[in-house]
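The values are calculated or read from the model by the stated rules, or taken from the named source; none is laboratory data. Keep in mind that what you see is a predicted model, and the values were worked out from it rather than measured. As a convention, Cβ positions derive from the backbone with ideal geometry for all residues, glycine included, and neighbour counts pool all protein chains shown.
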Amino acid sequence: MTSGIADAPPRREPTPAAAALAALGPDYAFAYVGYRDPLAAPLLRDLEREYDERYGVEVFGEAAIVEIERYPAEDFAPPRGSFLLLLQAGEPVSGGAFMPHAEGVAEVKRVWTRGDRRGEGLARVVLTELEEQAVRLGYRRIYLTTGPRQPEARALYLRHGYTPLFDTALSGEEIGGTLPFEKTLVGPGADASASRP
């Protein structure tokens, strides 16, 4: 005999990124935007300023704007990529993006946190959401690089489970070029049968 009351659907646990976002507070939100969206402009301007201050042209032989404009905006748009902002009360405080790197591999780019908000774990929240979005788009791995003068980024990626593709006993300056990392993604869609952007 049934009571006539339908069984409630199973309760879904929030994804790690959704849980991390909720822990920040109700005035935080994720926003996927286009690379040229005006909301993304503060991120890109500050990233350019920071790269120029840290590296000038002597390390990589070019101004930061050349790197920032190197890839077409379409590379950071679904279904091949994404550009994410973390907003607080509608203002960008952190963000990042990814684009295709190789078969089934996304490349994370443009991870940034506003200078006055560093050390709060915001980039970690952004990175978690970018990984989940990459899985949703069918990627199985992530590749990324950071510069030799960004020890906080190097530490973030190591703490976040990325495998360094360089000798970690050496300093960034000893390595000289960019520091590459990779990570195998887990979750629905990240297996070998997933679509391959």
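Annotations for the structure displayed:
- Residue list for the range 167-188, restricted to those being of a type in the set (A, V, I, L, M), out of contact with any strand residue (DSSP E or B) (no Cβ under 8 Å at 6 or more places or on another chain) and modelled with pLDDT of 90 or more: 169, 170
- With respect to the conditions (1) closer than 24 Å to residue 87 by Cα; (2) out of contact with any Gly (no Cβ under 8 Å at 6 or more places or on another chain); (3) of a type in the set (Val, Ile, Thr), residue 126 falls short on a single one, namely (2).
- Some residue of the range 55-68 being without any contact (Cβ under 8 Å) to a residue 12 or more places away in the chain and charged (D, E, K, R): yes
- The set of residues in the range 21-32 being part of a helix (DSSP H, G or I) and either farther than 28 Å from residue 74 by Cα or out of contact with any helix residue (DSSP H, G or I) (no Cβ under 7 Å at 6 or more places or on another chain) (or both) consists of 22, 23, 24.
- A Cβ distance below 6 Å, combined with a sequence gap of six or more or placement on separate chains, defines the contacts here; from the range 112-123, residues that are within 17 Å of residue 39 (Cα to Cα) reach residues that are modelled with pLDDT under 95 in the pairs 112/43; 112/47.
- The residues of the range 68-101 that are of a type in the set (Asp, Glu) and farther than 21 Å from residue 128 by Cβ, listed by number, are 69, 74, 75.
- Subset of the range 33-71 [part of a loop (DSSP other than H, G, I, E, B) and at pLDDT below 85]: 56, 57, 58, 59, 60, 61, 62, 63
- Some residue of the range 125-141 being of a type in the set (Val, Ile, Thr) and farther than 22 Å from residue 14 by Cα: no
- Inspection of the range 152-159 finds no residue satisfying the criterion of being touching a residue at least 60 places away in the same chain (Cβ under 8 Å), closer than 17 Å to residue 17 by Cβ and out of contact with any Phe, Trp or Tyr (no Cβ under 9 Å at 6 or more places or on another chain).
- Residue 55 being surrounded by 15 or more Cβ atoms within 10 Å (Cβ to Cβ), more than 15 Å from residue 90 (Cβ to Cβ) and in contact with a strand residue (DSSP E or B) (Cβ under 7 Å, 6 or more places away or on another chain): no
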